[in-house]
Amino acid sequence: ASCPPTHPGRARRRRTSRRLFLGPHRHAPGRRTMSFFSSLGCFPAPEARRVTEDAGPGGSPKVGEVIPVTMFQPSSRMSSVFSFAANKADADALTGMRTAIFDDDAMRARFPSALYTRFREALVTGAALGEEDQKQIAAAIFKWAREQGAVSFAHWFFPIRGGGGADGAMCGALKMDTLIDLDWSSSEGTKPFLEALPYERLFQGETDGSSFPNGGLRATHTAAAFTTWDRSSPVFVMDKVLRVPCAFVTHLGACIDDKTPLLRSNDAVNREGLRLLKNIGRDTGVKAIHSYLGWEQEFFIIKAELYKQRPDLVNCGRTLIGKLPCRNQQGDLNYFAPPPTIVNRLMENVQAIMLKLGVAMAVHHNEVACAQHEMSPVYCHSSFSADNNVLFME
């Protein structure tokens with residue numbers, strides 16, 4: 001396809017090894033098709049077609065012969081990668097960033113200054129907050145969540161799920177509870193209910209732990225498990241649900257999730273790091289040591305109708321059948337190339353959602369393999385970063 005028509009010899013050599021078809025890729029007897037251009041968003045121009053009628057004498061193509069291509073044009077089935085004009089109808093993702101997360105700025109604006117100070121100190125020391133502080137925090141978060149359109153809340157935790165085959169949407173777990181509670185001041189036997197976020201249910205919850213891998217804790221008195229808010233990871237509103245990132249432990253404190261080991265590791269790093277700084281005389285003014293994490297996600301984007309035709313992808317999420325790609329698909333033609341417009345729009349949509357949820361998504365680009373892409377944020381506190389990674393996969 002890169003040979004100009006002024007080099008017929010080179011063009012003939014190309015014709016003997018590669019053929020292009022308009023429409024779905026298929027193999028002709030004794031010939032190979034090129035498919036890596038489809039990953040770039042380009043398809044053969046109408047000049048590359050199977051001839052369906054005799055074209056006349058003098059070496060003209062015959063019926064069934066394929067005409068080689070010396071140029072490409074965008075297909076009407078997919079927008080061209082060479083179209084960089086911005087869609088004016090698209091909203092500016094930066095104007096809505098961090099609007100759906102109750103982060104430090106939102107906390108500072110909505111908490112009384114003394115309460116904000118006590119909350120920040122509790123993050124450093126790990127101390128529990130008093131009941132009155134918990135009530136004020138729950139009231140402020142409830143008011144903010146309702147402004148965001150939330151009608152439910154959920155403790156969002158990350159249980160250890162046995163076996164394999166879990167996709168990204170299965171990494172987190174949550175049970176939606178409507179933002180209501182009984183009116184306990186009523187003297188009625190059947191009490192009315194009203195919208196509320198009970199403070200005790202914000203900071204801690206109880207749920208079933210026996211259906212997750214738990215080391216045999218199946219007896220009634222050991223079947224429960226408890227969730228507790230990881231205060232180092234802010235709450236956020238997604239799909240009308242206030243999500244509260246949580247650790248997940250048994251009634252004896254055994255962790256049966258992925259977050260608790262991370263939190264305990266951070267505690268150990270903080271404790272021993274402060275001890276080290278003190279022993280070497282460099283602990284002046286140091287209150288805590290934090291670990292930071294930056295992640296990236298690489299993925300393949302496949303059209304839904306093609307995905308549904310592959311039982312291996314549907315059932316396993318990975319390729320188990322089919323042939324290896326040709327050598328050209330193992331090259332670097334796709335790496336950092338402009339993404340197809342339809343794929344770029346998808347990544348921009350995901351980026352806008354993540355920015356709104358308070359995740360600093362900074363990068364998206366084409367990867368090396370065909371249809372492979374990457375997105376990644378700026379690094380942040382390890383616990384918050386790990387939650388963001390699960391949220392992105394979901």
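Kindly indicate whether D332 is over 26 Å from G96 (Cα atoms) and without any contact (Cβ under 8 Å) to a residue 24 or more places away in the chain. For D332, the condition - over 26 Å from G96 (Cα atoms) and without any contact (Cβ under 8 Å) to a residue 24 or more places away in the chain - is not met.
Summed over region 334-362, residues that are over 21 Å from H381 (Cα atoms) and in a loop (DSSP other than H, G, I, E, B) total 7.
Going by the conditions given, is G216 at pLDDT below 95, on the phi > 0 side of the Ramachandran plot and not hydrophobic (A, V, I, L, M, F, W, C)? It is true that G216 is at pLDDT below 95, on the phi > 0 side of the Ramachandran plot and not hydrophobic (A, V, I, L, M, F, W, C). Within the option set A138, A109, A114, A145, being in a helix (DSSP H, G or I), aliphatic (A, V, I, L, M), without any contact (Cβ under 8 Å) to a residue 40 or more places away in the chain and under 24 Å from V241 (Cβ atoms) holds for one residue only, A109.
So that you can scan it fast, the table gives a plain yes or no per residue for (1) among the hydrophobic types (A, V, I, L, M, F, W, C); (2) open to solvent by 30 Å² or more (accessible area, probe 1.4 Å):
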site	(1), (2)
D183	no, yes
S186	no, no
F193	yes, yes
E206	no, yes
N214	no, no
A223	yes, no
F226	yes, yes
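Rundown of residues vs (1) open to solvent by less than 50 Å² (accessible area, probe 1.4 Å); (2) farther than 24 Å from V390 by Cβ; (3) not β-branched (V, I, T), yes/no style:
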{"site": "E272", "(1), (2), (3)": "no, yes, yes"}
{"site": "N279", "(1), (2), (3)": "no, yes, yes"}
{"site": "T284", "(1), (2), (3)": "no, yes, no"}
{"site": "W295", "(1), (2), (3)": "yes, no, yes"}
{"site": "I301", "(1), (2), (3)": "yes, no, no"}
{"site": "D312", "(1), (2), (3)": "yes, yes, yes"}
{"site": "C316", "(1), (2), (3)": "no, no, yes"}
{"site": "L333", "(1), (2), (3)": "no, yes, yes"}
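Looking only at residues of region 233-284 that are within 29 Å of L174 (Cα to Cα) and of a type in the set (S, T, N, Q), we find that the one that is modelled with the lowest pLDDT is T250.
The values are calculated or read from the model by the stated rules, or taken from the named source; none is laboratory data. Please read all numbers here as calculations on a predicted model, not as lab measurements. With ideal geometry, Cβ positions are generated from the backbone for all residues, glycine too; neighbour counts draw on all protein chains shown. Ligands, DNA and RNA are excluded from the accessible area calculation, which covers all protein heavy atoms including side chains. Shrake-Rupley method; radii C 1.70, N 1.55, O 1.52, S 1.80 Å.
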